[in-house]
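Let me begin by presenting the structure, written as structure tokens, before commenting on it.
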Ligand SMILES: [Ca+2]
Ligand SMILES: [Ca+2]
């Protein structure tokens, strides 16, 4: 026997609480004040110091300079500086060496001695000295020995550290390469890095301003670079498995006292942080998500954003900035994605900006989402249906005679439940539960294999939706439509659509919303109900639009709106 409560109710509950849109029109940004209330981007995030060897100790004040400080070979120009790391006044910021004699070697270019690719017979190599890859100075790993430069960093577990180094051979014999490698790990357990990407300069290799093309298709473990190759760039990434001191070591694999120029060592933590931005109601707050307080990276760019939910207002994405303006007190969460090019790939990271509005009006009480319990009196359910359960949340059932329940199902999936009180039972909604409308069914064993059931709306986790539009009073629907199609792929049950348009006239909004719904109808077959929502709260000629999806189950007496922003 299979029972049914017959208590479906005629409620269409809207969970669409805010009007939040994105504008990709590229209009001139409005500069405004904002305050970052807090951010998870920590100033203590470790970084590599002095990667270009530009920060040198004060040579003039050395108490015991090696060879008198800057010096040349065989009467050549003073291009070479040897630093003894055992002499406190000669220590160079960040770097240490493994060389037995404790010497690190720094070099510089001097006017009139530029390396130009011409072999000057009989002259010493320093008349052909390489120009730095960056700044004024560079280092030679092989000071007097085949050794290694290293630097220690307090690493954070799970954080990826992206590094790059420019390497150049020194020896002025055609095709004679210098060799080096990179080893990273806790001191004493260093691991040679493999799979390193190599980028060769595409301009004159003797210039000090290398320009790079695409990465070689093959990656390398040992870097072999000749003088005539110019400054070749190598890039790799490292993820510590322990939170502890991690040593980055740049190590010669060839040469005695000659070879392995290095410069412009970059060390990048790529991270999109969570931040809170204080907003005064009625004013616009714009935050550049690529600023150091919000995301860490190297030339990272804002590549996407979506509104996760919150109070009513407008979210506008422009360049690397996310802008928000609203009148209602409360929070709006906007997820943002930044992209960074590294080693020939585009990497992405995602974080959340919370705009915290104050000084405005209180938002109307939100529709109850998670707090309406399902009622059970054993063996049947009764009372209103429960709507708006988020995956991962707890669904409450109140009532009596819970001892009749043997098993509980949401749709065909058996779910765990536990008694949380004499008259209360809790069902944990699995985090991976697909959005949809489900029957909550109880197998009430005391009455045989009877099933009693109740419709329950499982609310979708919010998904990216709004995209738009133009400064020309026209609706640009292409960006929206690709999302329409992708949302329907995720959940084919989405069959009800709201086309929301806001512009400077209600009539224009109506025309555009109708157009939008017509485009959606063509792009997404199977949508059965369309609703047009018009607004006119903007004073510019921009048009904002959004598509919200919902479920319109076959039983027309039940409709659950889902806000897929
Ligand atoms: Ca430099
Ligand atoms: Ca040397």
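Inclusion of residue 99 among residues that are within 14 Å of ligand 2 (Cβ to nearest atom) and modelled with pLDDT of 95 or more is warranted.
Residue-by-condition table, conditions (1) outside the structural domain of residue 113 (by TED's automatic domain parsing); (2) at positive phi; (3) within 16 Å of ligand 1 (Cβ to nearest atom); (4) in contact with a strand residue (DSSP E or B) (Cβ under 6 Å, 6 or more places away or on another chain):
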{"position": "52", "(1), (2), (3), (4)": "yes, no, yes, yes"}
{"position": "64", "(1), (2), (3), (4)": "no, no, no, no"}
{"position": "69", "(1), (2), (3), (4)": "no, yes, no, no"}
{"position": "73", "(1), (2), (3), (4)": "no, no, no, no"}
{"position": "80", "(1), (2), (3), (4)": "no, no, yes, yes"}
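Consider residue 244 carefully, then state whether it is free of Cβ contacts under 8 Å to residues at least 40 places away in the same chain and either out of contact with any helix residue (DSSP H, G or I) (no Cβ under 6 Å at 6 or more places or on another chain) or over 21 Å from residue 50 (Cβ atoms) (or both).
Judged against the criteria, residue 244 is not a match.
Candidates in the stretch 102-112 are the residues that are modelled with pLDDT under 95 and more than 16 Å from ligand 1 (Cβ to nearest atom); of these, the one that is farthest from residue 134 (Cα to Cα) is 112. Does at least one position in the stretch 357-373 carry a residue that is touching a strand residue (DSSP E or B) at 6+ places or on another chain (Cβ under 7 Å), assigned to a strand (DSSP E or B), surrounded by fewer than 17 Cβ atoms within 10 Å (Cβ to Cβ) and at pLDDT 85 or above? Within the stretch 357-373 (the criterion being touching a strand residue (DSSP E or B) at 6+ places or on another chain (Cβ under 7 Å), assigned to a strand (DSSP E or B), surrounded by fewer than 17 Cβ atoms within 10 Å (Cβ to Cβ) and at pLDDT 85 or above), the answer is yes, since at least one residue qualifies.
Scanning the stretch 402-417 for residues being farther than 17 Å from residue 378 by Cα and either without any contact (Cβ under 8 Å) to a residue 12 or more places away in the chain or in a helix (DSSP H, G or I) (or both) gives a total of 2. Are any of the residues in the stretch 224-231 farther than 20 Å from residue 134 by Cα and either free of Cβ contacts under 8 Å to residues at least 24 places away in the same chain or crowded, with 19+ Cβ neighbours inside 10 Å (or both)? Checked the stretch 224-231: no residue is farther than 20 Å from residue 134 by Cα and either free of Cβ contacts under 8 Å to residues at least 24 places away in the same chain or crowded, with 19+ Cβ neighbours inside 10 Å (or both). Of the residues making up the stretch 251-275, just one is over 19 Å from the mean Cα position of the chain (by Cα), surrounded by fewer than 23 Cβ atoms within 10 Å (Cβ to Cβ), within 16 Å of ligand 1 (Cβ to nearest atom) and closer than 15 Å to residue 184 by Cα, namely 266. Number of residues in the stretch 133-162 that are surrounded by 23 or more Cβ atoms within 10 Å (Cβ to Cβ) and within 16 Å of ligand 1 (Cβ to nearest atom): the value is 6. Among the residues of the stretch 171-189, is any within 16 Å of ligand 2 (Cβ to nearest atom), within 14 Å of residue 223 (Cα to Cα) and modelled with pLDDT under 95? Yes, the stretch 171-189 contains at least one residue that is within 16 Å of ligand 2 (Cβ to nearest atom), within 14 Å of residue 223 (Cα to Cα) and modelled with pLDDT under 95.
Of all the numbered requirements in (1) part of a loop (DSSP other than H, G, I, E, B); (2) at pLDDT 95 or above; (3) surrounded by 18 or more Cβ atoms within 10 Å (Cβ to Cβ), residue 166 misses one, and that requirement is (1). Across the stretch 70-84, the number of residues qualifying as under 21 Å from residue 147 (Cβ atoms) and more than 15 Å from ligand 2 (Cβ to nearest atom) comes to 0.
Find the strands (runs of 3 or more DSSP E) located wholly in the stretch 232-291 whose residues include 3 or more that are at pLDDT below 90, within 16 Å of ligand 2 (Cβ to nearest atom) and in contact with a strand residue (DSSP E or B) (Cβ under 6 Å, 6 or more places away or on another chain), and list them.
Of the strands (runs of 3 or more DSSP E) lying wholly inside the stretch 232-291, none has at least 3 residues that are at pLDDT below 90, within 16 Å of ligand 2 (Cβ to nearest atom) and in contact with a strand residue (DSSP E or B) (Cβ under 6 Å, 6 or more places away or on another chain).
Has the stretch 298-318 got any residue that is under 30 Å from residue 108 (Cα atoms) and touching a strand residue (DSSP E or B) at 6+ places or on another chain (Cβ under 7 Å)? So far as the stretch 298-318 goes, yes, one or more of its residues are under 30 Å from residue 108 (Cα atoms) and touching a strand residue (DSSP E or B) at 6+ places or on another chain (Cβ under 7 Å).
The values are calculated or read from the model by the stated rules, or taken from the named source; none is laboratory data. Given the structure is predicted, the values throughout are model-derived calculations rather than measurements. Positions of Cβ are generated from backbone atoms using ideal geometry, with glycine treated the same way; all protein chains shown enter the neighbour counts.
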